[in-house]
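Accompanying notes for the structure given below.
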Amino acid sequence: EDQGVEDIASYGIDWNDLDDRRIRAHHDTRNPEDSDSTNPFVSNHPESDLSHVEVPESRCPFADAQLQSFLSDVQPLLDSSLHIDMHLRCLLWIQALALASFTSRTEPSDT
C-alpha cells in the first residue's frame, strides 16, 4: 500500500552521517571533484551546461470519434483508481493499454 512521505526534504538523507567529518573525509578522498563539465554523471554542473532538448509535437493516433470512445471507456477506470496499490495500478495500465489497442483497431465511423 502507498504511504505518504511526511518530510520529503529529509527523505533518504542521513543528516548525522552527512555531518560526520570522518565519513565526509572518506567520501572526499575516494570521490574527487570531477572538473569535466561534459560528464553526465556529475550532478553539480551549473545550469548553463544543461542540454536543451526539443521534443517534437506528437499527433494523437486516434480520430476524434475514437478518442472520445477511448476516453469514455477509460474514465471509469481512472475514477476508481484513486486509492489503490501499485500492483492494481499496473493492472490499470494493462487494461487501459488493451482499451487503446482495441480503439486503434476500430474504424472511426464505428465509434
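The values are calculated or read from the model by the stated rules, or taken from the named source; none is laboratory data. The shown structure was predicted, so the numbers you read here are calculated from the model rather than taken from an experiment. Quick reminder, even Gly has a Cβ in these numbers, built from the backbone with ideal geometry, and neighbours come from all protein chains shown. SASA here: full protein model, heavy atoms, side chains in, ligands and nucleic acids out. Shrake-Rupley method; radii C 1.70, N 1.55, O 1.52, S 1.80 Å.
For Gln95, state whether it is in contact with a Leu (Cβ under 7 Å, 6 or more places away or on another chain), outside any loop (DSSP other than H, G, I, E, B), at pLDDT 80 or above and polar (S, T, N, Q). It is true that Gln95 is in contact with a Leu (Cβ under 7 Å, 6 or more places away or on another chain), outside any loop (DSSP other than H, G, I, E, B), at pLDDT 80 or above and polar (S, T, N, Q). Taking the criterion of being surrounded by fewer than 10 Cβ atoms within 10 Å (Cβ to Cβ) and modelled with pLDDT of 85 or more, the residues of the stretch 13-28 that qualify are Asp19, Arg21, Arg22. Would you check if there is a residue in the stretch 36-54 being at pLDDT 75 or above, open to solvent by 90 Å² or more (accessible area, probe 1.4 Å) and of a type in the set (A, V, I, L, M)? Yes, the conditions are met somewhere in the stretch 36-54.
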